[in-house]
Amino acid sequence: MEQLGYRAPQVCRLIGISYRQLDYWARTELLRPSLQEARGSGSQRRYSFDDLVQLRVIKSLLDAGMSLKKIRTAIEILRDEFAAERPLTDVTLLSDGKTIYAARNTDEVVDVFRRGQGVFGIAIGPVEDEVRGAVHDLEADTSSADVEAQAN
């Protein structure tokens, strides 16, 4: 049987947020349910799986120290500047708690709040290997120089 979406109580349990948060986010259009909006008393919102993913991203950003205002701004920028239809699932987001970076592919990471200003990252593993190799070469050179000095 095909899933007809997720109701608010299920969403709250899955994402780890309160009903009040979910309701507020829907009413203020931070993230509205894509399957069914609430229409008066007794109707229920229905969220898709993609909605759940986006809600989890919002929750993760909040947990990382981002303010709801900044998250809201980032979503608007991603929609406008990056033409992201589903702004929280179309890109990979990174945050240091102060800003949000968006990676659309492995070659491009941009600062969302600076409207796409490029940033760069350094993978520590390869740098560590490079330094380890340089230290090994230095030790080998030093050992060779010591042997030569003793021979003279």
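One table, with the values for the structure above:
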read-out	value
Residue under evaluation residue 44, criteria (1) of a type outside the set (Ser, Thr, Tyr); (2) in contact with a helix residue (DSSP H, G or I) (Cβ under 7 Å, 6 or more places away or on another chain); (3) without any contact (Cβ under 8 Å) to a residue 24 or more places away in the chain, criterion not met	(3)
Residues satisfying the stated conditions in region 7-59, i.e. in a loop (DSSP other than H, G, I, E, B), surrounded by fewer than 17 Cβ atoms within 10 Å (Cβ to Cβ) and among the β-branched types (Val, Ile, Thr)	28
Residues satisfying the stated conditions in region 24-67, i.e. more than 23 Å from the chain's Cα centre (by Cα) and under 27 Å from residue 98 (Cα atoms)	27
All positions within region 99-129 that are closer than 14 Å to residue 78 by Cβ and at pLDDT 75 or above	99, 100, 101, 102, 103, 108, 109, 110, 111, 112, 113, 114
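The values are calculated or read from the model by the stated rules, or taken from the named source; none is laboratory data. Given the structure is predicted, the values throughout are model-derived calculations rather than measurements. In this analysis, Cβ positions are derived from the backbone assuming ideal geometry, glycine residues included, and neighbour counts consider all displayed protein chains.
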